[in-house]
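No value in this document is a laboratory result; all are computed from the given coordinates. Quick caveat: nothing in here was measured; it's all calculated off a predicted structure. Note: ideal-geometry Cβ built from the backbone for every residue, glycine included; neighbour counts use all protein chains shown.
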Amino acid sequence: MRSLRLQPHRVLAVYAHPDDADVAAGGVLAQWAREGAEVRLVVVCDGAKGSHGHSVDGPALASVRQGEVHRAAEILGLTSVTALGVPDGEVSNDQQLRSRLVALIREHRPEVVVGPDPTATFFGGVYVNHRDHRETGWSLLDAVAPAAGMPLYFPEGGEPHQVGHLLLSGTLEPDVVIDVSRSIEVKMAAVLAHASQLGADDAEVREIVSVRAEQAGRPVGVAYGEAFRSVELAW
Ligand SMILES: [Zn+2]
């Protein structure tokens, strides 16, 4: 495990559900935004099935979550949020999703792309990674390398752009930690903006976010960290 410090100018984060980015990478996204980077978020799913309640109205929930993601993005200082509106549970790493992601990468031209590690399936024998996370991760990987950087892939999708650095969260094989000690409070506030998704009171949520960030930071000696699998793309 090593400590990683990046100062990108443009960042694209791509996640499945409206709260995923804040939980996985809210600290580093906030930090980069504060340092002047353009940080853009793509949310693939509509969030309409994100509830254990039987009587929840899906479209109404999606609209609540849309509001939450915009509030959280404001807290993090993101430049924009793009919602692709795929129904929860129906993400597929298909040509259509790849073409949308390639077009967004070519439009925003990020040096760093952040998203879910699609290879993570089982966590600690108690949790199966959501299919939408895995499919989003695979689609993002395929969009970044090689499609976005090669002109003959999706020629209608803009000028080719080669992403330099991929950071994958929710990974079983983290190899870098980014210090988020200066943005941990902002991350907590962004996570708390997703009130429809929180099964605990605010103090408990803050405690969970804090403990996880402490655990992530410990191997590299920082108070609070976020861990990723890092891929520096050679081209
Ligand atoms: Zn999710």
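Quick check: anything in the stretch 50-57 of a type in the set (Asp, Glu), within 26 Å of Ala103 (Cβ to Cβ) and not in a strand (DSSP E or B)? Working first, answer last.
Initial filter on the stretch 50-57 (of a type in the set (Asp, Glu)): 57.
Now restrict to residues that are within 26 Å of Ala103 (Cβ to Cβ): none.
No - not one qualifying residue is present in the stretch 50-57.
Could you tell me whether Thr82 is of a type in the set (Ser, Thr, Tyr), outside any loop (DSSP other than H, G, I, E, B), more than 16 Å from the ligand (Cβ to nearest atom) and crowded, with 16+ Cβ neighbours inside 10 Å? Working first, answer last.
On the way: of a type in the set (Ser, Thr, Tyr): yes; outside any loop (DSSP other than H, G, I, E, B): yes; more than 16 Å from the ligand (Cβ to nearest atom): yes; crowded, with 16+ Cβ neighbours inside 10 Å: yes.
The answer is yes for Thr82.
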Sole exception among (1) over 21 Å from Val222 (Cα atoms); (2) touching an Asp or Glu at 6+ places or on another chain (Cβ under 9 Å); (3) assigned to a helix (DSSP H, G or I) for Lys187, by number:
(1)
The number of residues in the stretch 68-96 that are polar (S, T, N, Q) and over 21 Å from Asp142 (Cβ atoms) is 2
Name every residue in the stretch 93-131 that is in a strand (DSSP E or B) and closer than 23 Å to Ala30 by Cα, in order of residue number.
Val112, Val113, Val114, Gly115, Pro116
Among the candidates Arg10, Arg40, Arg34, Arg2, which residue alone is surrounded by 19 or more Cβ atoms within 10 Å (Cβ to Cβ) and more than 16 Å from the ligand (Cβ to nearest atom)?
Arg40
Pair list, Cβ < 7 Å and 6+ apart or interchain, from the stretch 170-188 residues that are at positive phi to residues that are buried (at least 22 other Cβ atoms within 10 Å of the Cβ)
Gly170/Ala24; Gly170/Pro116; Gly170/Asp117; Gly170/His133
Would you check which residues across the stretch 52-74 are touching a residue at least 24 places away in the same chain (Cβ under 8 Å) and within 20 Å of the chain's Cα centre (by Cα) and list them?
Val64, Arg65, Gln66, Glu68, Val69, Arg71, Ala72, Ala73
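With the requirement that a residue be more than 17 Å from Arg10 (Cβ to Cβ), outside any helix (DSSP H, G or I) and in contact (Cβ under 8 Å) with a residue 60 or more places away in the chain, what does the stretch 132-164 give you? So that I can check it myself, show each step before the final result.
The initial filter retains those residues of the stretch 132-164 that are more than 17 Å from Arg10 (Cβ to Cβ), namely 132-139, 141-142, 145-147, 150-157.
Filter once more, so that each one left must be outside any helix (DSSP H, G or I): 145-146, 150-154.
Scanning the stretch 132-164 gives a single hit, Ala145.
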Given (1) in contact with a strand residue (DSSP E or B) (Cβ under 7 Å, 6 or more places away or on another chain); (2) within 25 Å of Asp19 (Cα to Cα); (3) of a type in the set (D, E, K, R), index of the condition Glu232 fails:
(2)
So Thr171 fits all but one of (1) within 16 Å of the ligand (Cβ to nearest atom); (2) assigned to a helix (DSSP H, G or I); (3) out of contact with any Cys (no Cβ under 9 Å at 6 or more places or on another chain); what number is the exception?
(2)
Single match in Arg98, Arg134 (criterion: basic (Lys, Arg) and over 17 Å from Val163 (Cα atoms)):
Arg134
